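Bear in mind these aren't lab numbers, they're just calculated from the coordinates by the rules spelled out. If you're wondering where the values come from, they're calculated on a predicted model, not measured in any experiment. Glycine also receives a Cβ, built like all others from the backbone with ideal geometry; neighbour counts cover every protein chain displayed.
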Amino acid sequence: MNENEHVTAASSPTVNVTADPQSPSAEEFAISLPLFSEAIIETRSLSVGFSSTLVLDAITVEIPRGGVTALIGPTGSGKSTLLRTFNRMHDRVAGFQHEGDVLMDGTSIFAPGVDLLTLRKNVGMLFQRPNPFPMSIRDNVVAGVKAHRMAKKKQFDALAEEHLTRVGLFDAVKDRLSGSPFSLSGGQQQLLCLARALAVAPTVLLLDEPTSSLDPATTERIESLIETLVPEITVVIVTHNLGQARRVSSRTILLQTGSLVEEGPTSALFDAPSNEVTARYVSGQFA
Ligand code: ADP
Ligand code: MG
């Protein structure tokens, strides 16, 4: 993972590789780093089950680095299960079992020695229902930063302001940073959770129907924020909203009853699907 951490750091906006004429072009840069892989996540014949129920059936798919990938499909098709597998959220679920593999930056997430805390720092997650921690708004934002000892205590206030500003929430909460997050609206709570997720500088952000319980204005804000996250952060978003998948993603994966139906560029899936099931799903004929 170290080489790829290096890649991420070097391609972050704070290091402008193209501004300096002495520095390599993007192409030279990629060539000089042979381990740089186009796919940040790869599943290889991944099957997941809970006790005797098979939920994902031999899924082989790649999530390209630096883009937004939408995961769509009818209720119960396994979208959340696939997403949660990416940061090993099922580890403690009774009866969980898997076959096949998930590679993150070329390394199996199930390999011995993989540190779960590090994996979850690199692979952040936002759920359908916002889940602020029972602590102040400010402490919520820096909770991960503290846990991973990413900054000194005296930097916490500035970090909280930076990330609340990034998600457009700072003005609304600046007078109650010490107050409870549960006094915020659902949409504001979700933005707070997004600020918390971003504060630890993840390389991947998993969004599980992040706007399905939100008002249109917050939905729009989150959709436009997603655009600003790439390419530094790779985003995978589960959505029931086909319009949202079209708007925010460049690639789409369609699941049905635990199987991969089709995946490819979003425009291809929606405008020229190669599978009849896809054609029916994207035209809203079953949900
Ligand atoms: P989706 O997000 O596409 O609606 P899920 O991934 O949540 O689908 O669920 C897919 C299937 O897996 C469902 O039939 C669900 O009941 C089952 N499932 C999910 N999590 C568990 C679990 N922890 N134990 C047993 N079955 C589960
Ligand atoms: Mg789900």
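Worth a mention:
- Loop-located trypsin sites (Lys or Arg not before Pro) in the range 102-184 (DSSP state other than H, G, I, E, B) with a sparse environment of at most 15 neighbouring Cβ atoms within 10 Å: R149, K152.
- Interchain or long-range residues, amide H under 5 Å from A70's placed H: I237, S250, R251, T252, I253
- The range 120-133 - phi-based ³J(HN,Hα) in whole Hz, Karplus 6.51/-1.76/1.60, Gly and Pro as x: 6, 6, 6, 10, x, 8, 10, 9, 4, 9, x, 10, x, 7
- Computed over the chain, Kirkwood Rh from alpha-carbon pairs, angstrom: 20.0 Å
- Shape category assigned to the range 104-224 from the gyration tensor of Cα positions, a/c cut at 1.5: oblate
- Loop trypsin sites (Lys or Arg not before Pro), the range 40-116 (other Cβ atoms within 10 Å of the site Cβ: 12 or fewer; DSSP): R92
- Ignoring the sites themselves, the chain has its longest run without chymotrypsin sites (Phe, Trp or Tyr not before Pro) in a DSSP loop having at most 15 other Cβ atoms within 10 Å at 111-285.
- Residue-wise HN-Hα coupling along the range 162-171, computed from phi with Karplus coefficients 6.51, -1.76, 1.60 (Hz; x: Gly, Pro): 4, 7, 5, 5, 4, 8, x, 10, 4, 4
- Cβ charges +1 (Lys, Arg) and -1 (Asp, Glu), total dipole of the chain, debye: 1100 debye
- Taking max minus min of the alpha-carbon positions on each principal axis, the range 67-169 gives extents of 45, 35, 31 Å, largest first.
- Assigned charges on the beta-carbon of Lys, Arg, Asp, Glu; the range 54-178 dipole about Cα centre (debye): 540 debye
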